[in-house]
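Read through the structure below, which is laid out as structure tokens, and then see the notes.
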Amino acid sequence: AGANRAGTGAGNFAIPVARDGTMRGATGTDDNGSISAIGPLIYAGDANAWMQIRIKTDLVTGLSLEFGFVAAVPGSNAAACSDVDTPTVADDTAVFTIDTDQTIATMAFATGGTAFTDVATTLAAVPGFTSGTTPVLDTFYTARIELVGNAAYGYINGRRVASHTGHAVEGGTLVAPWIYCRTRNTTTHLCSVDYIAVGQNRNLVAAENY
């Protein structure tokens, strides 16, 4: 479902009724214009929730992009990770994030919990990324986030690139899959999603009731 949209000409994520189509949205041309989408709030680290997405943006400059799990839609048209340099992350969040307005302007993996320290790990040696740190413009890459209890793990193009073990995200808190894209200038940025898959372990007792 669309969560927020702000900016002249911004277009919500939409799925074309066509074979081999992708879900795509446009940020519009207002500086800091953004689009976002969120799924159902039914996943949890205690159930080993995971999310996998194949995603790209047509531009990688003037860009703020994040995707992963959040416990609530952030403030109006805001990101769940509002600061990478001095990690500031919404409670019970695990996202990949890149924001070229930050001093650290490459891809990072950020987590934060209600009673846990906010952490952002700057990525390196990512397969298929420019210099191993930045997505290639207009090129799909596959990312996966796994929640295991209170721990969170990030993978890109088949390689584990971040491990936040111990106290990263409260495993008992329900979270939802989340995608957020924002332009950091006055150029429209297009964000395309080839696919997104989300899952977790079933509650076998509850499942037997159906």
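Throughout, read-outs are computed from the coordinates displayed, never taken from laboratory work. If you're wondering where the values come from, they're calculated on a predicted model, not measured in any experiment. No Cβ is skipped: glycine too gets one built from the backbone with ideal geometry, and neighbour counts run over all protein chains shown.
Computed quantities for the displayed model
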| read-out | value |
| --- | --- |
| Anisotropy class of region 13-89 from Cα gyration tensor, a/c 1.5 cut | oblate |
| Farthest toward positive dipole pole in region 76-210 [+1 Lys/Arg, -1 Asp/Glu at C-beta], among Ala110, Ser82, Ile145 | Ile145 |
| Anisotropy class of region 70-113 from Cα gyration tensor, a/c 1.5 cut | prolate |
| Those GluC sites (Glu not before Pro) in region 104-210 that DSSP places in a loop and that have at most 11 other beta carbons within 10 Å | Glu208 |
| Computed helical MRE - 222 nm, the chain, DSSP H runs ≥ 4 contributing -39500 (n - 2.57), nearest 500 | -500 deg cm²/dmol |
| Trypsin sites (Lys or Arg not before Pro) restricted to region 12-82 and DSSP loop, no more than 11 other C-beta within 10 Å | Arg19 |
| Gain upon complete extension [Ser76, Thr130; 0.36 nm per residue less C-alpha separation] | 16.3 nm |
| Calculated FRET value between Ser163 and Thr186, using beta carbons and R₀ = 41 Å, to 0.05 | 0.60 |
| Debye, to nearest 20: dipole size of the chain, +1 on Lys, Arg Cβ, -1 on Asp, Glu Cβ | 560 debye |
| The chain: relative contact order as a whole-number percent, Cα under 8 Å and 6+ apart | 31 percent |
| Total formal charge among the other residues, if their Cβ is under 14 angstrom from that of Ala49, Lys/Arg +1 and Asp/Glu -1 | -2 |
| Förster radius 30 Å - calculated FRET efficiency between Asp30 and Leu137 (Cβ-Cβ, nearest 0.05) | 0.90 |
| Taking region 18-105 and dividing mean pair separation by its residue count, relative contact order in percent (alpha carbons under 8 Å, at least six apart) | 25 percent |
| Shape call, region 1-156: gyration tensor on alpha carbons, a/c limit 1.5 | rounded |
| Percent RCO, i.e. relative contact order, over region 127-210, from Cα pairs under 8 Å lying at least 6 residues apart | 17 percent |
